[in-house]
Structures are given as structure tokens and as C-alpha cells.
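Read the structure below first, then the notes.
The values are calculated or read from the model by the stated rules, or taken from the named source; none is laboratory data. Every value quoted in this text rests on a predicted model; they were computed, and no experiment measured them. Using ideal geometry, Cβ is built from the backbone for each residue, glycine included, and neighbour counts are taken over all protein chains shown. Each accessible area value is taken on the protein alone, full model and side chains, heavy atoms only, with ligands, DNA and RNA left out. Shrake-Rupley method; radii C 1.70, N 1.55, O 1.52, S 1.80 Å.
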Amino acid sequence: MSDQDFSYPQDTLRRMAQDILDYAGSRGASACETDVSEGFGQSVTVRLGSVETIEYNRDKGVGVTVYLGQQRGYASTSDFSRQALRTTVDAALSIARFTAPDEAAGLPEPELLARKPMELDLYHPWRLPVEEAIDIARRCEAAAFAVSPLVKNSEGASISTHQSHFVSANSLGFMGGYASSRHYISCSVIAGEGDAMQRDDWYTTKRGAAELASPEAVGDYVARRALSRLSARQVPTCEVPVLFEAPLASTLIGNFVYAASGGSLYRKSSFLQDSLGTQVFAPHIHISERPHLPRGLASSPFDDDGVATRDREVVEAGVLKGYFLSTYTARKLGMQTTGNAGGSHNLIVRPGRHDLRGLIKLMGRGLLVTELLGQGVNYLTGDYSRGASGYWVENGEIRYPVQEITIAGSLKDMLRGIVAVGNDALVRGSKQVGSILVDRMTVAGA
């Protein structure tokens, strides 16, 4: 990382963090932790060949958490001046004095903190002139319109880039930080006309711009997706296998992560309560957490508490081996943190031997889901019900597009009923999973 990329060098962020810790201690805090960060980005959107928006952003901030025994206070500021930082510490201390003691509050155990720096290759700046960004967006949208005259409208093609760095520190001697980047190319188009119009969208995202799909590939693909949805219809209500396309399969794994997270568990609002060591998934499902993948979109040497992250097996042969716990939620449950304050890190679901086409053939007859609507998940009971659209499959082949339907089931049954996981994973975030075939769900249609 070049310090010239940012307004404040890493050494400056470190000095600010140390000054905050020192001042908090001098004011009577029994413990303190702080995060100091800075980031900037650019986004350009082109619609119908014309520039619609050009946005620049530059943000910075400091968060301070102080403890008076087991009383906790938090305050933040975007002002990096010495006086503002001290005022923020004083505000956090004032809040702490008025909060009730919490036996789970406090810094992590010192031996769990990350102590050694780790290079994960997360920073790949994209010095993108706005003229070039506009050209890329135009090429993306033009590629979509070139596919067919039936692609008649666009919601725009966008190019965005974001770069940031931060330092986290606490009064136990932990101090760490790094720079990261993330870039996107996205496009959304509309095919058809009148009441028969259909839209679809697609995007590519990576740490480094060189790894993004080409703008022409994104535009071409999103157009073909929108065209394939024309003449969509409902299907009669039935119970059939349901195949979640890879981008949606990651949301299914996200539902599992939420239910297996400390916040849901200690509040007793999860259907996975007391499920550690039990069969939660089908026996062939294996899920690993790999926080240290180079250029990984969810890679990090430590979590938001400063706890060192580590490789682990979350699910083995369908058995739940570990929850997702922060220092606080682990203490609430009488357990030890898993280094997941702030979320999961590169969850990898072991793929099977089929690609999407192979999974469609394996399903035989059922529903391929390519879009989900709404948030109909009850994490207490596991009940699952969401609007959906996609394609009806007969004899292992897609027959026609489907819309205005609802798919419903129980997450407990859905996870145990996973027939196969595809080898077509599309990495866009913290979950890496191919398409997922579930043995049976209710499809509510006409």
C-alpha cells in the first residue's frame, strides 16, 4: 500500500489510536478499544448511453468504546482533530457511567488477540479516470443492447471502485490494520414491451480490477437473462424439488449463518438453538471457514474484536461443529469466541460434481429459482416463504420461465434435504457456494 493513496498514512492512524487509548486510561477507563478508518470511492452510472450519475465519496471516522469495569460506553466522530478525539473519549465515558453493568462486557482474553501482521493481498487500487469509467459503462450497456432488438430499455450500467484502510487497537496491546479495495461492474436491462416486459441484472466484483469480468461479458449475459424471462407464466401449486441458482444459494447459507450466530442464539430466537454436534445438513454437506485466502472478499487476519481468525470446519458430514461467535455473544452463551465479531470469513461449501446444467438434469422435474423477493424467513421456527421467479424444468430440461409464485418450506427440512451442491460457485462475498438442489418445497402458483 502506498500512503499517497490516502489523506492519512497508516502511521498517523496508529498514532491517533494510541493517543485515544492513552487518554482513555488517564481519564479512568479500565479498558478501551478504538477503530480509526478512512475510505474513498467513485461510482459512474450510464443509462441509454448518457451519463446519469457521477459520484465521489471520501469518508473517515473514529469509534471509541470504553469500559468502567463492566459498564460500557461508545461514541464516534468524523473529526480527526486532537480535541475532537478527546471529546469523543469523554462522551463514551459519560455514557458508560449511566449504563448498567453487563457481565459479558469487556475486551477479549489477551491470548486470543492477533499479534502478528499477515499479508492477505487485499489492496489493489483502481486509479480510474472518470472518462474511462464512463467508457466502460457505455461498453457494458451497448453490449446488452447488441444482443437483441427486444432489449429495449435499461436501468443503467455502473462502474464503481472503493478503497479504504483502518487501524483497530485496544488497551491490551493489540493494534492492527490494513488497506483493502473492492470494485464492481453492474448492469440492469429490460426486455420486451407493454405488459410483457422483463428485467434482470448482473454484476461482477473483485478486489482487483484486472480480475473483473469484461464489461461486454456482463452486458451480453444480463441481456440474455432478461430475454430468457419473456413470456413467463405461473405454475399450478405443487410440491417439487427446487434448485437455487448459485447467487441465491449463498442467501440460503446466509440464513444458516444468521441462525447459527451468537446474537440469535443467546436471545433464543433461532431454530438452531442447542444444535451444536447435531445433524443440521444432509450428510454430504461440508462447510469450511477460510479467513486467510489471498484476495478473498471476506478475508481478514482478525475479527472486529481483534481476535485472531483461524481456519475451521463449521459443518462436517452435515453435523454442526461450530457457531459464529463474537467475544460478547460467546460469553453470553458460556462459550469461547470463534473470531466472528463482524461476520463470517470466506465460508466455502464443498462442491459436488455437477454444474448447473447437470443439476437441472439431476432434478428432472421441478423449479429453478433465479430471483427471490421479500424477506419471509422466521428464524425462531425456521419457516421459509419467499416470492420467486425462475424456470420450470421437465425431463431435465428448462421448459419455460415462471413468475409470480411463492416457494415455502422449513429451513430445517431444506438444509437436511439438500440433494446436491453444484461446482458453479460465483464468489461475490463471504459465502462461496454453487447452486443448491433441495429435495422438496411447496411452490404456490396459479
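Report whether or not G390 is buried (at least 21 other Cβ atoms within 10 Å of the Cβ), outside any loop (DSSP other than H, G, I, E, B) and of a type outside the set (A, V, I, L, M, F, W, C). Before you say what the answer is, go through the steps one by one.
Details: buried (at least 21 other Cβ atoms within 10 Å of the Cβ): yes; outside any loop (DSSP other than H, G, I, E, B): yes; of a type outside the set (A, V, I, L, M, F, W, C): yes.
It is true that G390 is buried (at least 21 other Cβ atoms within 10 Å of the Cβ), outside any loop (DSSP other than H, G, I, E, B) and of a type outside the set (A, V, I, L, M, F, W, C).
Among what's in segment 78-91 and is open to solvent by 30 Å² or more (accessible area, probe 1.4 Å) and out of contact with any Lys or Arg (no Cβ under 8 Å at 6 or more places or on another chain), pick the residue that is nearest to I136 (Cα to Cα).
D79
One residue is enough: does segment 61-71 have a residue meeting the conditions of a type in the set (S, T, N, Q), in a loop (DSSP other than H, G, I, E, B) and closer than 17 Å to S326 by Cβ?
Just the residues of segment 61-71 that are of a type in the set (S, T, N, Q), to begin with: 65, 70-71.
Next cut, in a loop (DSSP other than H, G, I, E, B) only: 70.
If we keep only those that are closer than 17 Å to S326 by Cβ as well, we get 70.
Scanning segment 61-71 turns up at least one residue that is of a type in the set (S, T, N, Q), in a loop (DSSP other than H, G, I, E, B) and closer than 17 Å to S326 by Cβ.
With the requirement that a residue be open to solvent by 40 Å² or more (accessible area, probe 1.4 Å) and either farther than 20 Å from D79 by Cα or of a type in the set (K, R) (or both), what does segment 4-37 give you?
Passing the criteria: Q4, R14, R15, G25, S26, R27, G28, S30.
Suppose we filter segment 101-114 for residues that are exposed (fewer than 15 other Cβ atoms within 10 Å of the Cβ), out of contact with any strand residue (DSSP E or B) (no Cβ under 7 Å at 6 or more places or on another chain) and not in a helix (DSSP H, G or I); how many remain?
2
Please go through segment 315-334 and give me each residue that is hydrophobic (A, V, I, L, M, F, W, C), closer than 19 Å to I287 by Cβ and surrounded by fewer than 22 Cβ atoms within 10 Å (Cβ to Cβ), ordered by number.
Matches in segment 315-334: A317, V319, L320.
Can you go through I360, I398, I405 and tell me which one is over 23 Å from the mean Cα position of the chain (by Cα) and open to solvent by 20 Å² or more (accessible area, probe 1.4 Å)? I'd like the intermediate steps shown before the answer.
Numbers: I360 fails: open to solvent by 20 Å² or more (accessible area, probe 1.4 Å); I405 fails: open to solvent by 20 Å² or more (accessible area, probe 1.4 Å).
It is I398.
Sort out which residues of segment 4-48 are of a type in the set (D, E, K, R) and assigned to a helix (DSSP H, G or I), and write them in order of number.
Of everything in segment 4-48, those that are of a type in the set (D, E, K, R) and assigned to a helix (DSSP H, G or I) turn out to be D5, D11, R14, R15, D19, D22.
Which members of segment 194-216 meet the condition of being open to solvent by 50 Å² or more (accessible area, probe 1.4 Å) and under 27 Å from the mean Cα position of the chain (by Cα)?
Within segment 194-216, R199, D201, Y203, K206, A210, E211, S214, E216 qualify.
Quick one: what pairs do we get from segment 425-443, first residue polar (S, T, N, Q), second part of a strand (DSSP E or B) and surrounded by fewer than 24 Cβ atoms within 10 Å (Cβ to Cβ), C-beta under 8 Å, 6+ apart or different chains?
Q432/I348; T442/C238; T442/E239; T442/A408; T442/G409
Residues being polar (S, T, N, Q) and touching a Gly at 6+ places or on another chain (Cβ under 9 Å): count how many of those fall in segment 76-119.
Final tally of qualifying residues: 6.
Can you tell me which residue in segment 228-240 is least open to solvent (accessible area, probe 1.4 Å), limited to those that are among the aliphatic types (A, V, I, L, M) and within 14 Å of S389 (Cα to Cα)? Working first, answer last.
Filtering segment 228-240 for residues among the aliphatic types (A, V, I, L, M) gives 230, 232, 235, 240.
Narrowing the set further to residues that are within 14 Å of S389 (Cα to Cα) leaves 230, 232, 235.
On the way: L230: 36, A232: 24, V235: 2 Å².
Top of the filtered list is V235.
Tell me the strands (runs of 3 or more DSSP E) entirely within segment 227-342 that contain at least 1 residues that are touching a residue at least 60 places away in the same chain (Cβ under 8 Å).
Here the list reads 238-244, 287-289.
In segment 46-68, what count of residues is obtained for those that are touching a residue at least 12 places away in the same chain (Cβ under 8 Å) and open to solvent by 20 Å² or more (accessible area, probe 1.4 Å)?
Matching residues across segment 46-68 total 13.
Just wondering, is there one or more residues in segment 265-284 that are in contact with a strand residue (DSSP E or B) (Cβ under 8 Å, 6 or more places away or on another chain), under 29 Å from L120 (Cα atoms) and either buried (at least 20 other Cβ atoms within 10 Å of the Cβ) or small (G, A, S) (or both)?
No: zero hits.
For residues that are surrounded by 13 or more Cβ atoms within 10 Å (Cβ to Cβ) and of a type in the set (K, R), scanning just segment 115-152, find the one that is farthest from T53 (Cα to Cα).
R115
If A191 satisfies all but one of (1) at pLDDT 95 or above; (2) crowded, with 19+ Cβ neighbours inside 10 Å; (3) not basic (K, R), what's the number of the condition it fails?
(1)
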